[in-house]
Amino acid sequence: MKFTKLHGLGNDFIVIAGEKELPAGVDQLAIRLCNRFFGIGADGLVYILPSEKADFKMRIINSDGSEAEQCGNAIRCVSKYVYDHKLTDATEITVETLGAGVQKVQLNVQEGKVATVRVDMGQPILQGLEVPTTVDEAKVINHPIEVDGREFRFTAVSMGNPHCVIYVEDAVNFDLAVWGPKLEVHPMFPRKINVEFATVKNRAFTDMRVWERGAGPTLACGTGACATLVSSVLNGLTDRQATVSLKGGDLFIEWNEEDNHVYMTGPAEEVYQGTLD
C-alpha cells in the first residue's frame with residue numbers, strides 16, 4: 001500500500017489514493033498507522049475515493065479509529081495531493097465530505113505546486129440540537145457549562161462537525177490536556193465535541209488552541225478555526241474577516257455576510273511518500 005504524508009499547519013495525515021472504498025477494518029488500521037511510536041504517526045488516516053457528486057470524495061479516520069465528518073486541514077491536504085500528483089489539472093475542484101456535503105476549493109499554484117488552498121466551508125450550523133448539543137436554542141452563545149466544579153461559557157458551532165468555543169485569558173498557555181478531554185465527553189454533547197480555547201487579541205486576530213474529538217491536542221484545526229471566527233462574530237468580538245493563529249501557524253477565515261458561507265485559506269505541505277508491506 002502506497003501512502004503520502006501531508007500536513008496542514010502541523011495537523012498531519014496519512015493520505016491514501018486509488019482505492020474504490022474504505023477497506024474492512026479501517027478503524028484498526030488507522031489506530032495502528034497513526035501511532036507515533038509503532039506506526040507512521042499522524043492525526044488521521046485520509047482516503048481519497050471516487051465520488052458521484054464531486055471531483056473527489058474524502059473520508060477521514062481519526063487516530064482513535066473513529067470517523068470525522070469533516071476536517072479543514074485534511075481537505076487542503078487532499079486538494080494539494082490531487083493536483084500535485086496529477087489527478088487533476090484544474091485549479092478549482094469540488095470535494096465530497098461526509099458531514100459538510102460537497103465543498104468548492106480554489107488552488108493557489110506556484111511553480112507547478114499547490115502553495116495555499118481556499119475552501120468554501122459552507123454555512124455554519126448554529127441551532128443547538130443540530131450542532132449537536134442538548135441545548136434547544138436557535139443559537140447557543142456564551143452558554144454555561146460546568147466541569148469538575150469549574151464553570152466555562154461556550155458558543156456552539158457546527159462546520160459539518162461539532163465545536164464548542166470557549167474564551168480564556170491566555171489560550172496559548174491554557175492547560176489543554178486537563179480540560180479538553182473532559183469537555184469532549186461532557187453529557188451536553190451527545191456526539192462528543194471538538195473544543196477550542198480562544199483569546200481575541202483584536203478585531204482581526206485571535207489566538208486559538210484545540211482539543212480535537214478523536215485525536216486529542218493537535219497543532220491546527222481548520223474547522224475549529226472557522227468555528228472560532230463564527231463564534232467571535234456572534235459574541236461581537238471580531239470582524240467577519242480575521243486571522244486565527246494556531247500552534248502550527250495561521251489561517252485566514254472569512255464569514256461572508258452575503259451568502260452566509262465560511263471561507264478558509266491556508267497552506268498544505270507534503271512531507272514524504274512511502275510503501276507499507
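Quick note: the coordinates plus some simple rules give every number you see, no bench work behind them. On a predicted model such as this, the values are computed, not experimentally measured, just so you know. Glycine gets a Cβ as well: all are built from the backbone with ideal geometry, and neighbour counts include every protein chain shown.
List of remarks:
- Radius 12 Å from Cβ of Phe189, net charge of other residues (Lys, Arg +1; Asp, Glu -1): +3
- Here region 206-277 is treated as a Stokes sphere of Kirkwood radius computed over C-alpha pairs; at 10 °C and 1.306 mPa s its diffusion coefficient rounds to 118 µm²/s.
- This model, with +1 at the C-beta of Lys and Arg and -1 at the C-beta of Asp and Glu, gives region 105-226 a dipole about its Cα centre of some 260 debye.
- For Lys201, distant residues with modelled amide H under 5 Å away: Thr206, Asp207
- Normalised by 2.2 N^0.38 Å, where N counts its residues, the alpha-carbon radius of gyration of region 131-194 equals 1.06.
- The local environment of Thr155, defined by Cβ-Cβ distances under 12 Å, has a net charge of 0 under the rule Lys, Arg +1 and Asp, Glu -1.
- Stretchable slack from Asp136 to Val168, in nm (0.36 nm times residue separation minus alpha-carbon distance): 9.0 nm
- With contributions of -39500 (n - 2.57) from each DSSP H run of at least four residues, the per-residue ellipticity at 222 nm computed over the chain stands at -5000 deg cm²/dmol.
- Derived scalar couplings between HN and Hα for region 185-192 equal 9, 4, x, 5, 10, x, 10, 6 Hz in order, rounded to whole Hz, by the Karplus curve 6.51 cos²θ - 1.76 cosθ + 1.60 (θ = phi - 60°), x for Gly and Pro.
- Taking amide H as placed 1.01 Å from N in the peptide plane, the amide H of Val109 sits under 5 Å from that of Ala115, each at least 5 places away or on another chain.
- Karplus 3J(HN,Hα) series, Hz, for region 76-84 with 6.51 cos²θ - 1.76 cosθ + 1.60 (x for Gly, Pro): 5, 5, 4, 5, 5, 4, 5, 7, 5
- Added length on full extension, which subtracts the Cα-Cα distance from 0.36 nm per residue, Asn202 to Arg32: 57.0 nm
- Lys pairs under 19 Å by Cα in the chain, provided they are eight or more residues apart or on distinct chains: 23
- Residue-wise HN-Hα couplings along region 269-277, as the Karplus relation 6.51 cos²θ - 1.76 cosθ + 1.60 with θ = phi - 60° gives them from phi, are 9, 8, 9, 6, 10, x, 10, 9, 7 Hz; Gly and Pro carry x.
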